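Have a look at the structure below before the remarks.
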Amino acid sequence: MTATGPSYGLDVLAFGPHPDDVELFCGGLLASLASRGYRTGIVDLTRGEKSSRGTPETRAAETEAASRVLGLSMRENLGLPDGWVTPWAGFEGHDTEGAVTAPVARVVEVLRRLRPELVIAPWEKERHPDHEATSALVTRALFFASVRKFETEPPSESFTPRQVLYYPMRHLAEPSVVIDVTAAFERKQEAILCYASQVQPRADAPPTLVGSPLSLSSLEARDRFYGAQIGVAYGEPYVLRETLGLADPVDHFRRNSFARPLFFPERR
C-alpha cells in the first residue's frame, strides 16, 4: 500500500477448482477482457487427476490450448490434490508449523505476487465438493492476503484486490450483474472444445455430467437465458458479496446501455 493507493499487477485473475471449470463458466468474460487489452490469468487449484476421463497429461495439453484461445497472459496450477481441496488444511489445531504451506497460504502467496485488480472465484453453492471448497478457500485467502502478519513462503506483502466477482456454476444463483459476452461467445466455445477428453460425448468413455450429450447445449442455453435478461444474445452471471456503489450513475448507464430485457428477475 502506498500513499496513492494499492499497486496492481495482473488486471484479472480467475480461480478454478479443475482445468476447464473457468472456461465452462466464465470463459466468455476472460476472452472478452483479453480482447480489450486487459492482462488476464487463471490459477487452477488441481490437475483434475481424478477425472473419469483422460489423463493429467492430456488435461495439461488441453489446458495449454484453451489458454491460447482465451488470450491469457498467464496460467498456473497449484497442484492441490483433486478431490481433497479444503480451506482448512494446515490449520487444524492451530498447526503453525504447516500454516505457511497450507492451501490458504499458497493462494495468499499467489494473490500477493500477481496482485490482480479483479478476482473471479466460484460461487459458494455447487454440486461438486471441490468447487464449494475452492470458493471457501479463495474467500479465506482474500481476507488473509490483506493481513500483514499472515505468513507465506516465500514472504510477501499484504494485498487487497479492487473487486471480487463470484461465478455460479451448476447452481443457478441470483446474479448481482450479468456481463455481455456475445462478442466473445465463439471463443468461449472454442476454448471449451479444447477439452475434448472431458466434453465430447463418447460411447466408449465413462459417463460424466460434463461429457453428457446435452451438457454443452445446456450451458449455451444458460448463457442465452442470462443474456436475455439484459437484452443481448449471450451473458454470464456473477455475484457480488457486497453492495455495488456508483459515483456517477449517468456515466455508468451511458457506457453500459443495453436493449430492453426479455426476462425479469423476481424481487423479494
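Bear in mind these aren't lab numbers, they're just calculated from the coordinates by the rules spelled out. The shown structure was predicted, so the numbers you read here are calculated from the model rather than taken from an experiment. As a convention, Cβ positions derive from the backbone with ideal geometry for all residues, glycine included, and neighbour counts pool all protein chains shown.
For Cα pairs less than 8 Å apart in space and 6+ apart in sequence, what is the mean separation divided by the residue count of segment 115-217, i.e. the relative contact order in percent?
Values: 88 pairs, mean separation 26.7, N = 103.
Once normalised by length, the contact order is 26 percent.
Using the Cα centre as the reference, give the magnitude of the dipole from point charges on the C-beta atoms of segment 12-255 (Lys, Arg: +1; Asp, Glu: -1; all else neutral), rounded to the nearest 20 debye.
On the way: 27 positive and 33 negative charges, 99 e Å.
Charge dipole of segment 12-255: 480 debye, to the nearest 20.
Would you work out the relative contact order for segment 77-173, in percent, from Cα pairs under 8 angstrom that are 6 or more residues apart?
34 percent.
Rounded, prolate or oblate: pick one for segment 118-182, where a ≥ b ≥ c are the square roots of the eigenvalues of its C-alpha gyration tensor, a/c under 1.5 means rounded, and failing that, prolate if a/b is larger than b/c, else oblate.
Taking the square roots of the gyration eigenvalues as a ≥ b ≥ c, segment 118-182 is oblate.
When only C-alpha pairs under 8 Å and at least 6 residues apart count, what is the relative contact order of the chain, in percent?
Working: 481 pairs, mean separation 56.2, N = 268.
Across the chain, relative contact order equals 21 percent.
Taking a quarter of the surface of the convex hull around the Cα atoms of the chain, what do you get in nm²? Don't jump to the answer; show the numbers that get you there.
On the way: hull surface 63.5 nm².
With every direction weighted equally, the projected area is 15.9 nm².
Per residue of segment 61-75, what does 6.51 cos²θ - 1.76 cosθ + 1.60 with θ = phi - 60° give for ³J(HN,Hα)? Whole Hz please, x for Gly and Pro, Karplus curve as stated.
Residue by residue, segment 61-75 yields 5, 5, 5, 4, 5, 5, 4, 5, 4, 6, x, 5, 7, 7, 8 Hz.
Treating segment 2-135 as a set of equal point scatterers at the Cα positions, no solvent, please give the Debye-formula log₁₀ I(q)/I(0) at q = 0.20 Å⁻¹.
After summing over all Cα pairs, the log10 values are -1.23.
Give me the one-decimal nm value for the distance between modelled label points at GLU151 and GLN163, 7 Å along each residue's Cα-to-Cβ direction.
So the label points at GLU151 and GLN163 sit 3.7 nm apart.
If you keep only loop residues by DSSP, which GluC sites (Glu not before Pro) in segment 200-268 have at most 11 other Cβ atoms within 10 Å of their Cβ?
Those satisfying the criteria are GLU242, GLU266.
I'd like to know which of THR46, SER35, SER215 lies farthest towards the positive end of the charge dipole of segment 12-255, counting +1 on Cβ of Lys and Arg and -1 on Cβ of Asp and Glu.
Value computed over the given set: SER35.
May I ask you to order 247-255, 170-178, 11-19 by the average number of other C-beta atoms within 10 Å around their residues, highest value first?
Highest-to-lowest ranking by the protection proxy: 11-19, 170-178, 247-255.
If amide H atoms are built 1.01 Å from N in the plane of the peptide, which residues on other chains or at least 5 residues away come under 5 Å of the amide H of GLY16?
VAL43, ASP44, LEU45
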